[in-house]
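The structure appears below as structure tokens.
The values are calculated or read from the model by the stated rules, or taken from the named source; none is laboratory data. None of the values given here were measured: they were computed from a predicted structure. Every residue, glycine among them, receives a Cβ derived from its backbone with ideal geometry; neighbour counts consider all protein chains shown. Quick note on the areas: whole protein, heavy atoms, side chains included, nothing else; ligands and nucleic acids left out. Shrake-Rupley method; radii C 1.70, N 1.55, O 1.52, S 1.80 Å.
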Amino acid sequence: MRVLVTGGAGYVGSTTAERLIAAGHEVVIYDSLLRGHRGAVPAQATLVVGDIGDATGLEKALRDNQIEAVLHCGGLALVGESVAEPDRYFEVNVVTGPKMLDAMRAAGVKRIVFSSSAAVYGEPLHTPIDEDHRLRPVNPYGETKRAFEGMLDWYSRAYGIGAMSLRYFNVAGATEERGEDHRPETHLIPNILAAFSGGAPLKVFGTDYETRDGTCIRDYIHVDDLADAHAAALAHTANIAGEHVPCNLGSGSGFSVLEVLEAARLVVGKEVPHEITGRRAGDPPVLVASNEKARAVLGWEPRHGTLAEMIGSAWAWRQRHPRGYE
Ligand SMILES: NC(=O)c1ccc[n+]([C@@H]2O[C@H](COP(=O)([O-])OP(=O)(O)OC[C@H]3O[C@@H](n4cnc5c(N)ncnc54)[C@H](O)[C@@H]3O)[C@@H](O)[C@H]2O)c1
């Protein structure tokens with residue numbers, strides 16, 4: 001299959017591109033390089049530097065490369081930044097939506113997988129969260145993901161598009177060649193690894209939650225497992241013309257912050273420099289997504305679900321790339 005990956009110079013997009021190429025697909029990466037890295041683009045992929053809001057440029061890339069399906073990982077993805085700058089988030093993640101989807105229609109591309117987020121759910125009413133859980137995002141980032149999913153709902157029905165939205169929480173880990181290099185970095189595991197390398201000590205926000213050890217429990221998924229799921233979802237879009245199918249990619253269980261710190265201590269061989277501070281506003285005690293639908297629909301399940309694998313591979317990549325993709 002010929003696939004165009006928006007945001008394919010980023011963490012999730014580049015790793016999935018690597019997986020698609022290994023499976024024999026042809027990959028075109030379409031990225032503005034705002035947050036991604038040229039060095040993350042696999043050598044076998046074609047890189048088109050462009051903005052997802054540029055419908056003409058995108059349509060040309062789709063036509064020139066006879067693209068059959070789009071994997072949409074491009075956009076802005078930082079919760080805190082979205083609260084401070086909602087205008088930018090709506091512009092990049094939502095306003096570009098109809099332009100992108102119309103460029104696809106003009107080029108005759110009727111299959112799309114969207115890297116959404118479990119942030120569409122907001123505060124959970126129950127865990128693990130399933131796809132029927134109400135959608136009530138608690139930050140602009142989640143709201144923009146819900147809005148794009150809404151577009152996919154209506155576009156798929158009206159124009160016979162086969163669409164899947166993959167909803168997941170925290171991605172972690174690395175492949176041999178690709179790892180996480182977000183700037184700024186807000187995720188727990190890379191910030192733990194940065195603390196080992198002389199960065200700021202890690203802040204543990206609250207130890208008095210009603211959880212097994214008092215710290216928040218979160219869902220983590222290995223980036224390699226995520227790449228598998230995206231590849232399976234791309235294949236599945238051939239069967240769902242006229243439908244938009246949301247699907248969680250969760251672990252079903254999750255890990256506490258202290259469990260992550262302990263796993264990192266075992267991987268690296270020393271205590272994570274950290275300090276315990278008070279709770280952070282808006283942090284639910286447990287955020288874990290169910291993976292029952294992903295198992296049933298995509299035949300997917302996490303293969304590298306242990307913290308040792310996620311932190312171990314991320315640490316190994318950092319050792320090989322101490323300055324990331326620089
Ligand atoms: N990393 C996670 O833990 C996580 C969790 C849940 C969902 N997601 C979703 O997965 C997707 C990818 O996440 P990531 O961690 O790889 O992020 P990332 O920032 O590494 O990648 C996003 C890519 O999009 C590109 N981009 C941004 N604006 C663009 C534009 N206007 N036109 C073209 N390209 C543009 C950036 O240059 C970057 O390469 C995001 O949509 C994010 O919401 C990520």
Computed over the chain: longest principal axis from alpha-carbon atoms vs helix 257-268 long axis, angle to nearest 10 degrees, is 90 degrees
Looks like the stretch 74-161, by Cα gyration tensor root eigenvalues a ≥ b ≥ c and the a/c under 1.5 rounded cutoff (else prolate when a/b is bigger than b/c, oblate otherwise), is oblate
Using θ = phi - 60° and the Karplus curve 6.51 cos²θ - 1.76 cosθ + 1.60, what whole-Hz ³J(HN,Hα) does each residue of the stretch 79-94 get, with Gly and Pro shown as x?
4, x, 4, 5, 6, 6, 10, x, 4, 5, 5, 5, 4, 6, 8, 10
Sorted peptide list for 80-86, 252-258, 110-116, 277-283, criterion being average Cβ within 10 angstrom, highest first
110-116, 252-258, 80-86, 277-283
Relative contact order for the stretch 94-145, counting Cα pairs under 8 Å that sit 6 or more residues apart, in percent:
36 percent
Taking amide H positions as placed 1.01 Å from N in the peptide plane, with prolines and chain starts having none, which residues 5 or more places from ILE129, or on another chain, fall under 5 Å of its amide H?
VAL288, ALA289, SER290
Fraction of alpha-carbon pairs over 33 Å apart in the chain - percent
21 percent
Sorted by average packing, counted as other Cβ atoms within 10 angstrom per residue and highest first, what order do 8-21, 32-45 take?
8-21, 32-45
Which of the peptides 289-295, 50-56 is most tightly packed, and how do the rest follow, going by the mean number of other Cβ atoms within 10 Å of each residue?
289-295, 50-56
Would you calculate the separation in nanometres between label points at GLU177 and GLU326, each defined as 7 Å from the Cα along the Cα-to-beta-carbon direction?
2.4 nm
Count the lysine pairs in the chain whose Cα atoms lie under 19 Å apart, taking only pairs 8 or more positions apart in sequence or on different chains.
5
Simple SL model, points at 7 angstrom along Cα→Cβ for GLU91 and LYS270; separation in nm is 4.4 nm
Taking amide H positions as placed 1.01 Å from N in the peptide plane, with prolines and chain starts having none, which residues 5 or more places from VAL204, or on another chain, fall under 5 Å of its amide H?
GLU275, ILE276, THR277
What residue among GLU301, GLU185, GLU149 has the largest mean-square fluctuation in a Gaussian network model of the chain, using Cα springs under 10 Å?
GLU185
About its Cα centre, how strong a charge dipole does the stretch 140-250 have in debye, to the nearest 20, once Lys and Arg get +1 and Asp and Glu get -1 at the Cβ?
300 debye
Using the Cα centre of the stretch 193-300 as the reference point, and only Cβ charges (+1 on K/R, -1 on D/E), how large is the resulting charge dipole? Debye, rounded to the nearest 20.
140 debye
Kirkwood radius from Cα pairs of the stretch 40-113 plugged into Stokes-Einstein at 20 °C, 1.002 mPa s, gives D in µm²/s equal to 160 µm²/s
Would you grab the residues whose amide H sits under 5 Å from the one on LEU71? Only those 5+ places off in sequence or on another chain, please, with H modelled 1.01 Å from N.
LEU4, VAL5, THR6, VAL113
Heads up, I need the accessible area for GLU123: 1.4 angstrom probe, whole protein in place, Å², nearest 10.
90 Å²
Stokes-Einstein at 20 °C, 1.002 mPa s, Kirkwood radius from Cα pairs: D for the stretch 167-294 in µm² s⁻¹?
131 µm²/s
At what distance in angstrom do the alpha carbon centres of the stretch 256-271 and the stretch 54-98 lie from each other?
36 Å
For the chain, longest principal axis from Cα atoms; helix 307-320 axis from its Cα atoms; angle between them, nearest 10 degrees, is 80 degrees
Tell me which of LEU152, GLY142, GLY199 sits at the most positive position along the dipole axis of the stretch 91-218, charges placed on C-beta atoms (Lys, Arg +1; Asp, Glu -1).
LEU152
Dividing the mean separation of Cα pairs under 8 Å (6+ apart) by the residue count of the stretch 234-292 yields a relative contact order in percent of 53 percent
Springs between alpha-carbon pairs under 10 angstrom, Gaussian network model over the chain: which of VAL120, VAL94, VAL138 fluctuates most?
VAL138
Compute the helix-to-body angle for 55-64: its Cα long axis versus the longest principal axis of the chain, expressed 0 to 90° and rounded to tens.
70 degrees
Separation in nanometres of the label points that stand 7 Å from Cα toward Cβ, at ALA200 and TRP154
4.1 nm
In sequence order, calculated HN-Hα J values of the stretch 101-111 (Karplus, 6.51, -1.76, 1.60; Hz; x Gly/Pro)
5, 6, 4, 5, 4, 4, 8, x, 9, 10, 9
Positive-end residue, the chain charge dipole about Cα centroid, Cβ charges, pick of SER82, PRO273, ALA40
ALA40
If the elastic network links every pair of Cα atoms under 10 Å, which of TYR89, TYR159, TYR30 fluctuates the most in the Gaussian network model of the chain?
TYR159
Could you grab the relative contact order for the stretch 173-314? Cα pairs under 8 Å, six or more apart, rounded to a whole percent.
38 percent
